[in-house]
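First the structure, in the form of structure tokens, and then the observations on it.
The values are calculated or read from the model by the stated rules, or taken from the named source; none is laboratory data. Treat the numbers as computed from the prediction; the structure is a model and nothing was measured. Here the Cβ is made from the backbone with ideal geometry for all residues, glycine too, and neighbour counts use every protein chain on show.
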Amino acid sequence: MGNARNRKRGSDRIAGSRSELLDSVRVRTSDGTGDAGTGRAICWYSNAPFTATGYGQQTAQIVPRLNAAGHKTAVAANYGIEGAPTQWHGIEIYPKGLSNYSDDVLTAHYLEWAHRNPKHKPLLATLYDVWVFKSPALDSVPSIMSWVPVDHTPCPPEVLAWCQRKNVTTVAMSRFGQTMFHKAGVDALYAPHGIEKVFKPAKDIQGVTGRKIMGIPEDAFVVMMNSANKGNNPPRKAFGENLLGFAMFAKNHPDAYLYLHCEQQGAMGVNLPALAKACGIPDDRIVFADQYAVRNGMPQEVLPVLYSAADVLLACSFGEGFGIPVVEAQACGTRCITTGDTAQKELNGHGWTVETQPFWDVTQKAWFHIPLIRDITAALEMAYNDRKTVCEDSITFASQYDADHVFRTYWEPIMAVVP
């Protein structure tokens, strides 16, 4: 048996308060602040809001709220659209550029949007890894607000180099990230990711249960993973460790099934069917989500039904900038297994955490944290022996990440002080 730990938290663990944030932003900007939270012409750089990615969904969540608060916001998409601009629910969407991360055209999109909104003070906002920004044209942008993921220990040098620029205001998306920035001398603000109210316990959708959608027996023990299969060097989502941990657990539990809500191969990802075979998981004990639906994006209303149908969400990884599935699952009453490192520690309210060992990321020049396989197996055993139909404590814990609450508590005061 490994050293997996059962996590129990009370309301005193809620991540931050409005008063704490206001104190923080007063220190951050003594002068040269924004327009009291209204009237900015914001060019928002991230994935297109109609894409099924984590960044795409956060963009879809926050951009309409910014506009409702009095700002004029357009999206400069680095993924999801190319060749021509379009509109999404009345919001201008600029297409990706020719460079890998579209920083070649980002400043031009920013200037064009500012020109179209001359009565509003311009702002470039980014929601993505900041080490991708190489274009010297970004030096000419007076004010950039970067909502930054930190999934290493310590904060990688290229991330720090961007956040130390005089024209950049850093917003960490986790308390862990904010701590890493503060230790490195960067005075970062904080705003977590949020979830919409659709994430709540749901037995079925149009009369179809989550187990029926999965194709798994109603009386099975279901372990769910919702992790993007993108990138394999290093394989940040720890598919190898998670699948091997499940395989060792499932040998003693013939009623255990693994449901993978991701692509089988992915973009430069891991060949998951081959990995499952190497781990010894029988073909009839592992189920992949419908690949066409995953690639094109399932309706958001389906996910709560799937989370509710699972007995536990297995979400261990090498590191997370945030990790929104952990919050989504808990909002549906499903507990989670994560590591106790990076953002995962603060997001796991009443589930189980596993120990890790350090892994040096040569590219980022910082440490990842590899979950221990024996601990994953031990945590699955704990979840199996402590099944709950709905965990009310997890629902309460996840409520602090409600999208409306996050916008009022964090984004409104942040927008009031961004230069």
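Looking at the range 290-310, I want the residues that are assigned by TED's automatic domain parsing to the domain that holds residue 327 and have a partner that is among the aromatic types (Phe, Trp, Tyr) with Cβ atoms under 6 Å, at least 6 apart or on another chain. Which pairs are those?
As it stands, the answer is 304/199, since those pairs meet every condition given.
Select, from 399, 394, the only residue that is surrounded by fewer than 23 Cβ atoms within 10 Å (Cβ to Cβ), under 19 Å from the mean Cα position of the chain (by Cα) and either in contact (Cβ under 8 Å) with a residue 12 or more places away in the chain or not in a helix (DSSP H, G or I) (or both).
Residue meeting the stated conditions: 399.
When residue 338 is evaluated against the numbered criteria (1) surrounded by 24 or more Cβ atoms within 10 Å (Cβ to Cβ); (2) polar (S, T, N, Q); (3) within 30 Å of residue 42 (Cβ to Cβ), which criterion, by number, is the only one it fails?
Of everything listed in (1) surrounded by 24 or more Cβ atoms within 10 Å (Cβ to Cβ); (2) polar (S, T, N, Q); (3) within 30 Å of residue 42 (Cβ to Cβ), residue 338 misses just condition (3).
Answer with yes or no whether residue 283 is touching a strand residue (DSSP E or B) at 6+ places or on another chain (Cβ under 9 Å), over 18 Å from residue 384 (Cβ atoms) and among the acidic types (Asp, Glu).
Numbers: touching a strand residue (DSSP E or B) at 6+ places or on another chain (Cβ under 9 Å): no; over 18 Å from residue 384 (Cβ atoms): yes; among the acidic types (Asp, Glu): yes.
Against the criterion (touching a strand residue (DSSP E or B) at 6+ places or on another chain (Cβ under 9 Å), over 18 Å from residue 384 (Cβ atoms) and among the acidic types (Asp, Glu)), residue 283 does not qualify.
Checking residue 360 against (1) under 30 Å from residue 223 (Cβ atoms); (2) touching a residue at least 60 places away in the same chain (Cβ under 8 Å), only one condition comes out false. Which one?
(2)
Whether any residue in the range 285-293 is in contact with a Phe, Trp or Tyr (Cβ under 6 Å, 6 or more places away or on another chain) and of a type in the set (Phe, Trp, Tyr) is what I want to check. Let's see the steps before the verdict.
The initial filter retains those residues of the range 285-293 that are in contact with a Phe, Trp or Tyr (Cβ under 6 Å, 6 or more places away or on another chain), namely 285, 287.
Then keep just the ones that are of a type in the set (Phe, Trp, Tyr); that gives none.
For the range 285-293, residues in contact with a Phe, Trp or Tyr (Cβ under 6 Å, 6 or more places away or on another chain) and of a type in the set (Phe, Trp, Tyr): absent.
Could you tell me which residue of the range 404-419 is nearest to residue 350 (Cα to Cα), considering only residues that are crowded, with 19+ Cβ neighbours inside 10 Å and of a type in the set (A, V, I, L, M, F, W, C)?
The extreme case among them is 406.
Look through the range 254-286, keep the residues that are surrounded by fewer than 16 Cβ atoms within 10 Å (Cβ to Cβ) and under 19 Å from residue 378 (Cα atoms), and return whichever of them is farthest from the chain's Cα centre (by Cα). Let's see the steps before the verdict.
Taking the range 254-286 and keeping what is surrounded by fewer than 16 Cβ atoms within 10 Å (Cβ to Cβ), we get 254-255, 265, 267-268, 271, 273-274, 277-278, 280, 282-284.
In the following step, the residues that additionally are under 19 Å from residue 378 (Cα atoms) were identified as 254-255, 280.
Working: 254: 32, 255: 31, 280: 30 Å.
Per the criteria, the residue is 254.
Residue 106: assigned by TED's automatic domain parsing to the domain that holds residue 71, touching a residue at least 24 places away in the same chain (Cβ under 8 Å) and touching a strand residue (DSSP E or B) at 6+ places or on another chain (Cβ under 9 Å), yes or no?
Here the answer is yes, as residue 106 does meet what is asked.
Have a look at 323, 349, 319 and point out the one that is under 16 Å from residue 174 (Cβ atoms) and without any contact (Cβ under 8 Å) to a residue 40 or more places away in the chain.
Exactly one residue qualifies, and that residue is 323.
Return yes or no: is residue 78 closer than 28 Å to residue 413 by Cα and assigned by TED's automatic domain parsing to the domain that holds residue 187?
The answer is yes for residue 78.
(1) more than 18 Å from residue 248 (Cβ to Cβ); (2) surrounded by fewer than 20 Cβ atoms within 10 Å (Cβ to Cβ): which one isn't true of residue 310, the others all being true?
(2)
Only one of these is at pLDDT 95 or above, under 25 Å from the mean Cα position of the chain (by Cα) and more than 11 Å from residue 45 (Cβ to Cβ): 136, 154, 122. Name it.
Details: 136 fails: under 25 Å from the mean Cα position of the chain (by Cα); 122 fails: under 25 Å from the mean Cα position of the chain (by Cα).
Checking each option against the conditions leaves just 154.
Mind checking which pairs have a first residue in the range 191-213 that is over 25 Å from residue 402 (Cβ atoms) and a second that is buried (at least 20 other Cβ atoms within 10 Å of the Cβ) and of a type in the set (Gly, Ala, Ser), Cβ under 8 Å, 6 or more apart or different chains?
209/309; 211/309; 213/309
Please go through the range 134-159 and pick out each residue that is surrounded by 21 or more Cβ atoms within 10 Å (Cβ to Cβ) and either out of contact with any Ser or Thr (no Cβ under 6 Å at 6 or more places or on another chain) or not polar (S, T, N, Q) (or both).
144, 145, 147, 148, 149, 150, 151, 152, 155, 156, 159
Please go through (1) under 18 Å from the mean Cα position of the chain (by Cα); (2) within 19 Å of residue 211 (Cβ to Cβ) for residue 315 and return the number of the only condition it doesn't satisfy.
Residue 315 satisfies all of (1) under 18 Å from the mean Cα position of the chain (by Cα); (2) within 19 Å of residue 211 (Cβ to Cβ) except (2).
Are any residues in the range 328-362 in a helix (DSSP H, G or I) and either of a type in the set (A, V, I, L, M) or on the phi > 0 side of the Ramachandran plot (or both), and if so, which ones?
Selection gives 329, 331, 347.
Give the residues of the range 372-419 that are under 20 Å from residue 327 (Cα atoms) and of a type in the set (Val, Ile, Thr), sorted by residue number.
Correct list: 376, 389, 390, 395, 396, 406, 409.
Somewhere in the range 203-225, is a residue touching a Ser or Thr at 6+ places or on another chain (Cβ under 6 Å) and surrounded by fewer than 22 Cβ atoms within 10 Å (Cβ to Cβ)?
The answer is no; no qualifying residue exists.
Does the range 95-119 hold any residues that are of a type in the set (Ser, Thr, Tyr) and either modelled with pLDDT under 95 or buried (at least 17 other Cβ atoms within 10 Å of the Cβ) (or both), and which are they? Walk me through how you get there before you give the answer.
Here is the first cut: in the range 95-119, the ones of a type in the set (Ser, Thr, Tyr) are 99, 101-102, 107, 110.
Selection gives 101, 102, 107, 110.
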